[in-house]
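Trainee: Before anything else, here's the structure in question.
The values are calculated or read from the model by the stated rules, or taken from the named source; none is laboratory data. Not measured: the values here are computed from a predicted model. Methodologically, a virtual Cβ is constructed for each residue, glycine included, from the backbone with ideal geometry; neighbour enumeration extends over all protein chains shown. Keep in mind that these areas ignore ligands, DNA and RNA; they rest on the heavy atoms of the full protein, side chains included. Shrake-Rupley method; radii C 1.70, N 1.55, O 1.52, S 1.80 Å.
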Amino acid sequence: MDLNPIKDAFDRVAKKQKLSSSKAQEVIDQIMQEIEKARETIQCGYSSSDFDYRSVISELNKRLQEISPLTQLESTQKALNIALSKYPKLLEKSFNPDISKAYRNVDFDTHTVSQIIAGHFYRQGLFSIGDCFVDEAKAPESTVAIRSLFSEMYLIIEAMKNRNLEPALNWAAANSDKLKESGSDLQLKLHRLQFVEILRTGSRNDALKYARTHITPFASSNFGEIQKLMACLLYAGKLDHSPYAELLSPANWNLVANELTRQFCNLLGQSFESPLSMTVAAGFQGLPPLLKFMTVMSGKKQEWQTMKQLPVPVELDREFQFHSIFVCPVSKEQSSDENPPMLMICGHVLCRQSITKMSKNSTKTFKCPYCPSDIDATQCRPLHF
């Protein structure tokens, strides 16, 4: 969805508001200036017996009428009102205020939904909110186990934010075998951060001792990386002015923290991204075509409720694609267990129902829609992704 027109309209409203505010302040300053002059004149002539303060007030009224504040403010306020009246109309046109048209009446397992929501709060480190939700929603006891696991993860991450790597190193050491099985070099990255942190303070001997104890075991598969770290010993206490200054970047800590989070979730059998946030993001992306379809198909709400497949193709970004999806090029429908993709002898693929229809229930051969091959339906085989 192109948000540039909305942004441009917002910028116009903001600009008109600033102009109106600036003009109002200018008029107020003019009025205050005239009032201040009149006040000073009255103060100066107050002690005189023949002083006529009425003439000063009359002159002040004349000057205020000449300033004509309402006339000065009228044009800028009118321009602001026009911009303000157009902006909500553009928002209403761009964002459908009623998204209920795309709703489906789906029965959810409330305990599962509660567990997903509570797990989302715990993933974000919002433990007090998660606890409150679990208590009020009466979420299943398994949610409590998820809390304790993510609590451990956030204690490690919080320690890393304070440049304390001990909890992270202890966790990595305890799960060393599992990390190796997944091909992760998290342990080496953590030891590298610790080595650089020691070297940053200027303690060359302590850094060398740490490397011999903790980094040497990784030498066989990371020799180049260890050579680089050993060269850093020459710049103890002045690493920021060395060819290896990038090792001091805070970004390195963020990258390792993200890697630890990913591996922690992986070992728990959990996804790195929150399932709830991914679902909401995918739904947000898929909502416009569904709303457009329901607008076209207005009056057929009941038919939409009973559909087993989406009535229109909904293109999602690659981060939302977790499984292979095949759409039959003939029927334009997604494959399913009842209508699986079938591999033809020419190497092209159609869904079973399309093949059945084109072959007249397997009673005759037909031409492949992609090539001139004659296809015998009995020779087609199910294709598994």
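Trainee: So I have (1) 118, 78, 50; (2) 66, 57, 36; (3) 63, 61, 36, and one of them is Cα extents along the principal axes in Å calculated from this model. Which one is it?
Mentor: Computed from these coordinates, Cα extents along the principal axes in Å corresponds to label (1).
Trainee: Between helix 110-123 and the chain, what is the angle of the helix's C-alpha long axis to the longest principal axis, kept within 0 to 90° and rounded to the nearest 10?
Mentor: 70 degrees
Trainee: Compute the accessible area per residue over the chain, keeping the other protein chains in place, probe 1.4 Å, unit Å².
Mentor: On a per-residue basis, the chain sits at 66 Å².
Trainee: Which of rounded, prolate, oblate describes segment 263-385, given a ≥ b ≥ c as roots of the alpha-carbon gyration tensor eigenvalues and a/c under 1.5 marking rounded, otherwise prolate only if a/b is larger than b/c?
Mentor: Oblate is the answer for segment 263-385, as a/c is 1.5 or above yet b/c matches or exceeds a/b.
Trainee: Right, next: In degrees, nearest 10, range 0 to 90: what is the angle between the Cα axis of helix 69-94 and the longest Cα principal axis of the chain?
Mentor: Value to nearest ten degrees: 10.
Trainee: For the chain, what % of the accessible area comes from carbon and sulfur atoms, probe 1.4 Å?
Mentor: 54 percent
Trainee: Would you mind checking the tilt of helix 250-268 against the longest principal axis of the Cα atoms of the chain, expressed as 0 to 90 degrees and rounded to 10?
Mentor: Between helix and principal axis, roughly 50 degrees.
Trainee: Further question on the same structure: Positive end of the charge dipole of segment 74-120 (Lys, Arg +1 and Asp, Glu -1 on Cβ, about the Cα centre): tell me which of A83, V106, S94 has its Cα farthest that way.
Mentor: Farthest towards the positive end: A83.
Trainee: Report the number of Lys pairs in segment 120-279 whose alpha-carbons are under 17 Å apart, with separation of 8 or more residues or on distinct chains.
Mentor: Details: K161/K189; K178/K189; K180/K189; K189/K228; K209/K228; K228/K238.
Number of lysine pairs found: 6.
Trainee: For segment 96-170, state which GluC sites (Glu not before Pro) are in a DSSP loop and have at most 10 other beta carbons lying within 10 Å of their beta carbon.
Mentor: Within segment 96-170, the qualifying GluC sites (Glu not before Pro) (loop, at most 10 other Cβ atoms within 10 Å) are E141.
Trainee: Which of the lysines could be linked to K308 by a straight reach, that is with a Cα gap under 16 Å, when you skip same-chain ones fewer than 8 residues away?
Mentor: Within reach: K300, K332.
Trainee: Now for a separate question. Could you rank the peptides 330-341, 190-201 by their average count of other C-beta atoms within 10 Å per residue, with the highest value first? Kindly include the intermediate steps, with their values, before the conclusion.
Mentor: Working: 330-341: 14.6, 190-201: 20.1.
Final packing ranking: 190-201, 330-341.
Trainee: What's the magnitude of the charge dipole for segment 3-110 around its Cα centre, counting Lys and Arg as +1 and Asp and Glu as -1 at the beta-carbon? Answer in Debye, nearest 20. Show your work: numbers first, answer last.
Mentor: Details: 17 positive and 16 negative charges, 124 e Å.
Result for segment 3-110 is approximately 600 debye, rounded to the nearest 20.
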